[in-house]
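Data block below; observations after.
The values are calculated or read from the model by the stated rules, or taken from the named source; none is laboratory data. Just so you know, these numbers come straight off a predicted model, no measurement behind them. Every residue, glycine among them, receives a Cβ derived from its backbone with ideal geometry; neighbour counts consider all protein chains shown. Each accessible area value is taken on the protein alone, full model and side chains, heavy atoms only, with ligands, DNA and RNA left out. Shrake-Rupley method; radii C 1.70, N 1.55, O 1.52, S 1.80 Å.
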Amino acid sequence: MARKRVLLALLSCFAEFAVCGGIDQIRLLGPQAVNLWKLEAARTRSQAQGTLFVQDGEGTLYAHDSQRKLAEEFPEKWFEQPLDHFAKANDTETWRQRYWVNTRHYVPGPSTPVFVLDGGETSGEDRLPFLDTGIMEILASATGGIGIVLEHRYYGQSMPVKNLTTDSLRFLNNAQSAADSAHFMANVKFDGIGEDLTAPSHPWIYYGGSYAGARAAHMKVLYPDLVWGAISSSGVTHASIENWEYMEIIRRAADRVCSGNLQVSIEVIDTLLSNPLTRTTIKSLFGVAALEHDEDFASLIESPLGYWQARNWDPEVGSPGWDTFCAALNGKFEPEDPDMGVVSYDEGLDMVIIEGDLMVPVPVYNYAKYIKANVVSLCPGDAVEECFGTYDDSKFHDTGLDQIWRLWLFQVCTEWGYFSTAPPKGHPRIVSRLLTLEYESKICRQAYLPGKHFAVPALPNITVVNALGDYDIEADRLAIIDGEVDPWRPVTPHSDYARPREDTILRPFKVIRGGVHHWDENGRSDLLEEPPQIQMIHEEIVGFVTSWLEDWEAERFLKPRH
């Protein structure tokens, strides 16, 4: 029976104020992100009712014709995996992992390369553009190989369980996911291809970006006999409990006026929140006077900062949200917005009088206008506490398969961390000092009740990640590529905390000038349309991968591979 699916880019994305994909917003905002995810999901369902869908011959519905075309050229395929790779033989359930294949440039032969892109913490369908015009297409075209997108266990349609309880999620971890990829590489058979392309009989190059970038590096370390080469793009190979440096990259790299206005605004807001006489007034300006806990307010107004990561060299891929936010913050006083209440402007002081003789700088007023229009507006009626409060544990107990926010957050709480806290005392800030580890991590206790077989630890066991190499992870034919102003760079091998390295063909170590998050992953059909630094990194990737494949050829003739 044909299955019907609606492929909406907005499904797991906070479209008006956050990063497409939602996952990184969960890393940034902790429990508040779940609220925002739910509000956006509700709005998306409402919008979907009026969307004109394109239907294919199998009854699948698509919101955009481009999605339909990708699905037609790259139909989904399935591979059987054990639920627990480390159980006794024949003592585990199995499930089906989804993948897609690009054979446009396939040239049969004993050295045909296979390139696999790790789907990471989202639906594999979100990665299909990289199979069409991105890094998989670029590499396959240059080498006569095939490109693959491999969906990660528990994400998209690769769901091995019937609910998302703590016990059901216990097989969502780094070791099991890496074993999935290894089992796939060693055993997959491709429709329409007669030759055996499994590893290690053919050279496999593993690619990933962000979390999947760390996995690419880990695969090269864990399964060197299967993974001939790996490219870790923005790979977060250092797991950490706290990750205040994320916001520090933004503070330093952003436009100086916008960054300065953010710092001033946060200092003023924190000061007013600390005074019992003014804490309600400042929250009222932002439209959330009824929000009980100041920490929830501090987390709510942090949400636009996720737009920095959403910047991309290709406007069709990236979001203009950061520029829009900064333009709003940096603007002049405009009192005509009726939703902002009765305020007045002191032109001499360039201050906005919001109540009595209480004044705030214009950027604070503009910040409030932006939050009301783009975030608070998602909340129906006056249900502010219901929308944005995070201290009611019952809000986080739904374990249905539609609660996809539970997936990456489970990985955060068990192995990866990255709780986005305020910087150390005395350090310049663009986020509130109220964002403590206790606040950011409490969702782990709220959402994942102890099960019969598994309990989430008090803090993530980051050792299981860092034991694989941490900042110093390296191997022959492991490329490390990062963005110069990527907010995740502090937890990659290009971190200021990491040692410097030489950039070589065998061990590439590259930074994309002005780049943000895995900017090498997407591409254009006409590579000449790419900006110079992206053309350069794509040429460099093809160059060192070609060299790696030449090494494979040489080794194959010297020593037969089995």
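How many angstrom lie between the Cα centre of the stretch 91-128 and the Cα centre of the stretch 470-513?
Spelled out, the Cα-based centre of one part sits 25 Å from the other.
What number results when the radius of gyration of the stretch 208-344, computed over Cα atoms, is divided by 2.2 N^0.38 Å?
Numbers: Rg = 20.4 Å, N = 137, 2.2 N^0.38 = 14.3 Å.
It is 1.43.
Counting each DSSP H run of 4 or more residues in the chain as -39500 (n - 2.57), what helix-only mean residue ellipticity at 222 nm follows after dividing by all residues, to the nearest 500 deg cm²/dmol? Don't jump to the answer; show the numbers that get you there.
Details: 18 runs with 192 residues, N = 562.
Mean residue ellipticity, 222 nm, calculated: -10000 deg cm²/dmol.
Can you tell me what share of the DSSP beta bridges in the chain is antiparallel? A percent to the nearest 5 is fine. Numbers along the way, then the final one.
On the way: 19 of 45 bridges.
Of the beta bridges lying entirely in the chain, close to 40 percent run antiparallel.
Given the Cα atoms of the stretch 401-452, and with Rh set as the inverse mean 1/r over their pairs in the Kirkwood sense, what is Rg to Rh to two decimals? Display every interim value, and only then the final one.
Numbers: Rg = 13.6 Å, Rh = 12.7 Å.
Value, to two decimals: 1.08.
Take the Cα coordinates of the stretch 356-478, assign each an equal point scatterer, and use the Debye formula without solvent to give log10 I(q)/I(0) at q = 0.10, 0.19, 0.21 Å⁻¹.
Calculated log10 I(q)/I(0) at the listed q: -0.52, -1.25, -1.34.
As an exercise, use a Förster radius of 35 Å and the Cβ-Cβ distance of residue 278 and residue 445 to find the FRET efficiency, rounded to the nearest 0.05.
Details: r = 32 Å, r/R0 = 0.90.
Calculated transfer efficiency: 0.65.
Of the options 455, 280, 154, report the single residue whose Cα projects farthest towards the positive end of the charge dipole of the chain (beta-carbon charges: Lys, Arg +1; Asp, Glu -1).
455
Would you tally the net charge around residue 292, using a Cβ to Cβ cut-off of less than 14 Å, leaving residue 292 out, and scoring K and R as +1, D and E as -1?
Working: positive: 279, 283, 395; negative: 294, 295, 296, 382, 385, 386, 392.
So the surrounding residues net to -4.
Of the trypsin sites (Lys or Arg not before Pro) in the stretch 401-438, which ones lie in a loop per DSSP and count no more than 13 other C-beta atoms within 10 Å?
On the way: sites: 406, 425, 429, 433; in loops: 425, 429, 433.
Listed in order of number, the matching sites are 425.
What is the sum of charges around residue 213, taking Lys and Arg as +1, Asp and Glu as -1, for the other residues whose C-beta is under 11 Å from the C-beta of residue 213? Numbers along the way, then the final one.
Working: positive: 215; negative: 118, 482, 486, 520, 521.
Charge balance in the 11 Å sphere: -4.
Can you give the local net charge around residue 478? Use residues other than it whose beta-carbon is closer than 10 angstrom to its beta-carbon, Lys and Arg +1, Asp and Glu -1. Mind showing how you got there, number by number?
Numbers: positive: 220, 477, 507; negative: 474, 476.
Residues near residue 478 contribute +1 overall.
Under 5 Å between amide H atoms, partner at least 5 residues away or on a different chain: which partners does residue 240 have, H built in plane at 1.01 Å?
Those lying under 5 Å, H to H, from residue 240 are 418.
Hey, could you pull the Cα Rg and Dmax for the stretch 270-393, both in Å?
15.5, 48
Would you list the membrane-span-like helices of the chain, meaning whole DSSP H runs whose alpha-carbon atoms span at least 15 Å along their axis and whose mean Kyte-Doolittle value is at least 0.5? Before the final figure, lay out the partial values.
Details: long enough: 31-48 (26 Å, -0.66); 174-187 (20 Å, -0.36); 211-222 (16 Å, 0.32); 256-273 (25 Å, 0.79); 362-374 (18 Å, -0.29); 437-447 (16 Å, -0.76); 532-558 (39 Å, -0.08).
Helix filter hits for the chain: 256-273.
Quick one: dipole size for the chain, taken about the Cα centre, charges +1 on Lys/Arg Cβ and -1 on Asp/Glu Cβ, in debye to the nearest 20.
Details: 49 positive and 80 negative charges, 240 e Å.
About 1160 debye.
If I take every Cα pair under 8 Å that is 6 or more residues apart in the stretch 453-562, average their sequence separation and divide by the length, what percent do I get for the relative contact order? Intermediate results must be reported in sequence, preceding the final value.
Details: 104 pairs, mean separation 25.0, N = 110.
Result for the stretch 453-562 is 23 percent.
Considering only Cα-Cα distances, which of the following residue pairs are longer than 26 Å: 395/425; 77/162; 69/189? Intermediate results must be reported in sequence, preceding the final value.
Working: 395/425 32 Å; 77/162 21 Å; 69/189 24 Å.
Beyond 26 Å: 395/425.
For the stretch 423-506, what is Rg from Cα atoms divided by 2.2 N^0.38 Å, rounded to two decimals? Before the final figure, lay out each step's value.
Working: Rg = 17.7 Å, N = 84, 2.2 N^0.38 = 11.8 Å.
For the stretch 423-506, the normalised Cα radius of gyration is 1.49.
Over the chain, give the accessible area per residue in Å² for a 1.4 Å probe, as an integer. Before the final figure, lay out the partial values.
Values: 22840 Å² over 562 residues.
The answer is 41 Å² per residue.
With 15 Å as the cut-off, how large is the P(r) tail for the stretch 451-498, expressed as percent of Cα-Cα pairs?
On the way: 676 of 1128 pairs.
Counting every Cα pair in the stretch 451-498, those more than 15 Å apart make up 60 percent.
Ignoring everything but the protein chains, give the 1.4 Å probe accessible area of residue 136 in square angstrom, nearest 10.
Probe radius 1.4 Å; accessible area of residue 136 about 0 Å².
Between residue 334 and residue 382, with labels modelled 7 Å along Cα→Cβ, what's the label distance in nm to one decimal, could you check?
About 2.9 nm, to one decimal.
At 1.4 Å probe size, with the rest of the protein present, what percent of the exposed accessible area of the chain is carbon and sulfur atoms?
Working: 12050 of 22840 Å².
Reported share for carbon and sulfur atoms: 53 percent.
Test of understanding: express the Cα radius of gyration of the stretch 276-338 as a ratio to 2.2 N^0.38 Å, with N the residue count.
Numbers: Rg = 15.2 Å, N = 63, 2.2 N^0.38 = 10.6 Å.
Normalised Cα radius of gyration, the stretch 276-338: 1.43.
Mind checking the dipole of the stretch 108-216: about its Cα centre, +1 per Lys or Arg Cβ, -1 per Asp or Glu Cβ, Debye to the nearest 20?
Roughly 300 debye, rounded to the nearest 20.
Counting pairwise Cα distances across the chain, what percent come out greater than 33 angstrom? Spell out each step's value before the answer.
Details: 68088 of 157641 pairs.
Summing the P(r) of the chain above 33 Å gives 43 percent of all pairs.
Rounded to the nearest 10 Å², what accessible area does residue 252 have for a 1.4 Å probe in the complete protein model?
That residue has around 130 Å² of solvent-accessible surface.
Using alpha carbon centroids, what distance separates the stretch 241-290 and the stretch 144-197, in Å?
With the stretch 241-290 and the stretch 144-197 each reduced to a Cα centre, they are spaced 42 Å.
Under the √(5λ) rule applied to the eigenvalues of the Cα gyration tensor, what semi-axes describe the equivalent ellipsoid of the stretch 255-300? Give them in Å, descending. All intermediate terms of the calculation are to be shown ahead of the outcome.
Numbers: eigenvalues 87, 25, 15 Å².
So the three semi-axes of the stretch 255-300 are 21, 11, 9 Å.
Got a number for the accessible area of residue 359? Probe 1.4 Å, square angstrom, nearest 10.
Accessible area of residue 359: about 60 Å².
So what is the diffusion coefficient of the stretch 137-233 in µm² per second by Stokes-Einstein at 10 °C and 1.306 mPa s, using a Kirkwood Rh over Cα pairs? Write out the running numbers ahead of the final one.
Values: Rh = 14.6 Å.
For these conditions, the coefficient is 109 µm²/s.
For the stretch 257-318, which chymotrypsin sites (Phe, Trp or Tyr not before Pro) are in a loop by DSSP, counting at most 16 other Cβ atoms within 10 Å? Could you put the intermediate results ahead of the total?
Values: sites: 286, 297, 307, 308, 313; in loops: 286, 308, 313.
Counting only loop positions with at most 16 other Cβ atoms within 10 Å, none of the chymotrypsin sites (Phe, Trp or Tyr not before Pro) in the stretch 257-318 qualifies.
Counting other C-beta atoms within 10 Å, and keeping those with at most 13, which DSSP coil chymotrypsin sites (Phe, Trp or Tyr not before Pro) do you find in the stretch 508-562? Don't skip to the end; give the middle numbers.
Details: sites: 509, 519, 544, 548, 552, 557; in loops: 519.
Sites meeting the loop and neighbour criteria: none at all.
Relative to the Cα centre, what is the charge dipole magnitude of the stretch 87-130, using +1 at the beta carbon of each Lys and Arg, -1 at the beta carbon of each Asp and Glu, and rounding to the nearest 20 debye?
On the way: 5 positive and 6 negative charges, 46 e Å.
Here the size comes out at about 220 debye.
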